[in-house]
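Structure, as structure tokens:
The values are calculated or read from the model by the stated rules, or taken from the named source; none is laboratory data. Source: prediction; values computed, not measured. With ideal geometry, Cβ positions are generated from the backbone for all residues, glycine too; neighbour counts draw on all protein chains shown. Accessible surface is based on the protein model in full, side chains and every heavy atom, while ligands, DNA and RNA are left aside. Shrake-Rupley method; radii C 1.70, N 1.55, O 1.52, S 1.80 Å.
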Amino acid sequence: FTMRFIRQLFIVMVLSFMGEVLKFLLPFPIPASIYGLILMLTCLQTGILKLEQVEDVSLFLIDIMPLMFIPASAGLIAVWPQLRSVLLPFAIITLVSTWIVMIVSSQVTQIVIRHDKKGGKK
């Protein structure tokens, strides 16, 4: 189990590193992590990578995801005096953008479900 986990983590790290390289090479304002995720999706969709090859480490990373927000939260506490003056506009923007994302996501999901039903897929 340990070697499989290390191998899976290595695959994820290589794809993340490739995302960093793409960020360095391409002039687009896209974070390296997004490039890495796109590479992972492409590898999974094309069959270059099987889900079983990264499933265990992916589940582990999802399980520990809340821990990844602790340093960012601590950083917000450090800059609280500067944030206090923009808190209300920031909260409004966050709420509105969250609702927009939820609405768009639900509509896209409905379109995909309808498309799958038309194609005879379950």
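Taken over the range 29-81, the residue count meeting the criterion of being open to solvent by 100 Å² or more (accessible area, probe 1.4 Å) and not in a helix (DSSP H, G or I) is 4. Of the set (1) closer than 25 Å to GLU20 by Cα; (2) hydrophobic (A, V, I, L, M, F, W, C); (3) without any contact (Cβ under 8 Å) to a residue 40 or more places away in the chain, all apply to LEU61 but (3).
Looking only at residues in the range 15-28 that are of a type in the set (A, V, I, L, M) and farther than 16 Å from LEU51 by Cα, the one that is surrounded by the fewest Cβ atoms within 10 Å (Cβ to Cβ) is LEU25. Scanning the range 8-28 for residues that are of a type in the set (A, V, I, L, M, F, W, C) and not in a helix (DSSP H, G or I) gives LEU26, PHE28.
Taking the conditions (1) part of a helix (DSSP H, G or I); (2) out of contact with any Asp or Glu (no Cβ under 7 Å at 6 or more places or on another chain) in turn, PHE5 satisfies each one other than (2).
Scanning the range 73-94 for residues that are among the aromatic types (Phe, Trp, Tyr) and in contact with a helix residue (DSSP H, G or I) (Cβ under 8 Å, 6 or more places away or on another chain) yields one hit, PHE90.
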